[in-house]
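Worksheet: one structure, shown below.
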Amino acid sequence: MKARIAASALLMFAVAPCFAAEVALPAPPPSEYADTEASTNLAFSLRTEGRSSFEITISLQASASNNLEVAFGCDADSDGELSAEEQSLTVGWDSGSWFMRDDATGERASVPRADGQRRLDFRVMIDSKLRPRGLVARDGGVVFAYDARSMPSSAFDPDWNLVRVTARGFRNPMERLSVGFAPAGFSVHLK
């Protein structure tokens with residue numbers, strides 16, 4: 001009986017990611033400028049009912065001289081571009097470190113990592129009222145971790161409607177970015 005319950009739980013955990021609402025973000029176009037900066041904006045709205053976490057995945061060929069970041073916010077002036085004043089949260093790679101910036105307060109956390117192929121899995125756990133209750137970001141080991149009391153105020157906002165992806169420096173076709181919501185988890189309680 002226990003084996004059947006364990007097998008059923010494993011099957012549910014294996015299938016659950018298939019139901020996640022995830023959007024692959026477009027990479028910025030090649031830069032037309034000498035400073036190599038390029039960015040693109042994307043309007044988005046993801047259904048959040050029954051979701052337990054907001055997730056960002058960034059992978060790239062990281063170096064001490066490149067940058068790839070994703071900024072979230074509300075397009076207050078409806079011009080289709082996320083300005084610095086409209087940003088709430090920015091997450092990404094910058095010159096040898098993963099970083100997370102609360103754009104409302106300017107507070108920034110960063111953790112250095114070695115050059116090479118890197119992947120950041122950033123997850124904000126949300127409750128049924130869409131309030132953030134924790135945050136964990138991993139690249140191999142934990143990069144950032146916060147509980148509900150200590151996390152940045154701008155870690156998640158259900159009203160975000162625009163995302164801007166910006167790249168600077170060396171570009172690689174292996175860059176990948178995605179954002180989405182994971183479904184609520186499945187749990188079995190035995191007594």
Q: For Ala64, put the label point 7 Å out on the Cα→Cβ axis and report which residues of the stretch 91-115 keep their amide N under 12 Å from it.
A: 95-97, 113-115
Q: Starting from the eigenvalues of the Cα gyration tensor, five times each then square-rooted, give me the equivalent ellipsoid semi-axes of the stretch 50-96, largest first, whole Å.
A: 24, 18, 8
Q. Taking the alpha carbon gyration tensor of the stretch 39-170, what are the square roots of 5 times its eigenvalues, largest first, to the nearest whole Å?
A. 23, 19, 13
(Q) For a quick check: with amide H placed at 1.01 Å from N, whose amide H comes under 5 Å from Asn161's, ignoring anything fewer than 5 positions away on the same chain? (A) Gly73, Cys74, Asp75
Q) Once label points are set 7 Å from the Cα along Cα→Cβ at both Leu130 and Met174, what is their separation, rounded to one decimal in nm? A) 3.7 nm
**Q.** Karplus (6.51, -1.76, 1.60) ³J(HN,Hα), θ = phi - 60°, over the stretch 98-113, in Hz, Gly and Pro reported as x
**A.** 7, 9, 9, 10, 7, 6, 6, 9, x, 5, 9, 10, 9, 9, x, 9
Q) For the stretch 98-142, what log10 I(q)/I(0) values come out of the Debye formula at q = 0.19 1/Å, with one point per alpha carbon and no solvent? A) -0.74
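Each value in this text was obtained by applying a stated rule to the coordinates, not by laboratory testing. The model shown is predicted, which means the values in this text are computed figures rather than measured ones. Note: ideal-geometry Cβ built from the backbone for every residue, glycine included; neighbour counts use all protein chains shown.
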